[in-house]
1. For the range 76-109, give me the residue count where each residue is among the charged types (D, E, K, R) and either under 22 Å from Cys59 (Cβ atoms) or free of Cβ contacts under 8 Å to residues at least 40 places away in the same chain (or both).
2. How many residues are acidic (Asp, Glu) and either touching a strand residue (DSSP E or B) at 6+ places or on another chain (Cβ under 7 Å) or closer than 18 Å to Val93 by Cβ (or both) if we restrict to the range 43-65?
3. I'm told Asn44 meets every condition in (1) loosely packed, with under 14 Cβ neighbours inside 10 Å; (2) of a type in the set (S, T, N, Q); (3) part of a helix (DSSP H, G or I) except one. Can you identify the failing condition by its number?
4. Could you tell me whether any residue of the range 7-16 is in a strand (DSSP E or B), in contact with a Cys (Cβ under 8 Å, 6 or more places away or on another chain), among the hydrophobic types (A, V, I, L, M, F, W, C) and surrounded by 10 or more Cβ atoms within 10 Å (Cβ to Cβ)?
5. Would you confirm whether any residue within the range 100-112 is over 19 Å from Asp21 (Cα atoms), among the hydroxyl-bearing types (Ser, Thr, Tyr) and in contact with a Gly (Cβ under 6 Å, 6 or more places away or on another chain)?
6. Filter the range 1-26 down to residues that are modelled with pLDDT under 90 and not charged (D, E, K, R) and give me whichever is farthest from Asn80 (Cα to Cα).
7. Given the criteria touching a residue at least 60 places away in the same chain (Cβ under 8 Å) and over 23 Å from Ser105 (Cα atoms), does Gly54 qualify?
Amino acid sequence: MEKKPKKVFIVGPISAAFIADSIAKHSSKKDIGAHGIFLGQVRNDLIDGKEVVGINYECYAAMAEPILQVIREDCFAQFNLTCLHIYHSLGMVETGQICLFVFTSSKHRKAALEACDYLVERVKKEVPIWGKEVFIDESTHWKINQ
């Protein structure tokens, strides 16, 4: 079943309120018995002795959006899902903030959980989204907490 293209990219971090609202919107769908949720969070890594304070995400949207649509269609064909959502940040996301939110829903948990894992792996491998670490000594060049 072909699904219409959905908004995927969000400028800045994905807020807890956005995630909670997305989950709450599904309470009216009485045929859902399970959700699979993945939240990707920016880590405070240490690279070559420099502390990461965030990641600046960029994307080639004209290429990414059709790939995401194919991934969505493949997922619906492979798993018995009610719905699925993929959201990825663009721009600066500080350590500790959410940059990827994948949300799948189905009648049964196995389909929801397997589809969620499948989606995360395909997005990470196939979608042209790049992240460049921003280090503590470079952070003054960014508007943090926009």
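1. Number of matching residues: 1.
2. At the first step, the residues of the range 43-65 found to be acidic (Asp, Glu) are 45, 48, 51, 58, 65.
Now restrict to residues that are either touching a strand residue (DSSP E or B) at 6+ places or on another chain (Cβ under 7 Å) or closer than 18 Å to Val93 by Cβ (or both): 45, 51, 58.
Residues flagged as acidic (Asp, Glu) and either touching a strand residue (DSSP E or B) at 6+ places or on another chain (Cβ under 7 Å) or closer than 18 Å to Val93 by Cβ (or both) within the range 43-65 amount to 3.
3. Going through (1) loosely packed, with under 14 Cβ neighbours inside 10 Å; (2) of a type in the set (S, T, N, Q); (3) part of a helix (DSSP H, G or I) one by one, Asn44 breaks only (3).
4. Yes: the range 7-16 contains one or more residues that are in a strand (DSSP E or B), in contact with a Cys (Cβ under 8 Å, 6 or more places away or on another chain), among the hydrophobic types (A, V, I, L, M, F, W, C) and surrounded by 10 or more Cβ atoms within 10 Å (Cβ to Cβ).
5. no
6. Looking only at the range 1-26, we keep the residues that are modelled with pLDDT under 90, and these are 1-7.
Still in the list and also not charged (D, E, K, R): 1, 5.
Details: Met1: 11, Pro5: 19 Å.
Of everything passing the filter in the range 1-26, Pro5 is farthest from Asn80 (Cα to Cα).
7. yes
The values are calculated or read from the model by the stated rules, or taken from the named source; none is laboratory data. Because the structure is predicted, anything quoted here is derived from the model rather than measured. Cβ: placed from backbone, ideal geometry, glycine included. Neighbour counts: every protein chain shown.
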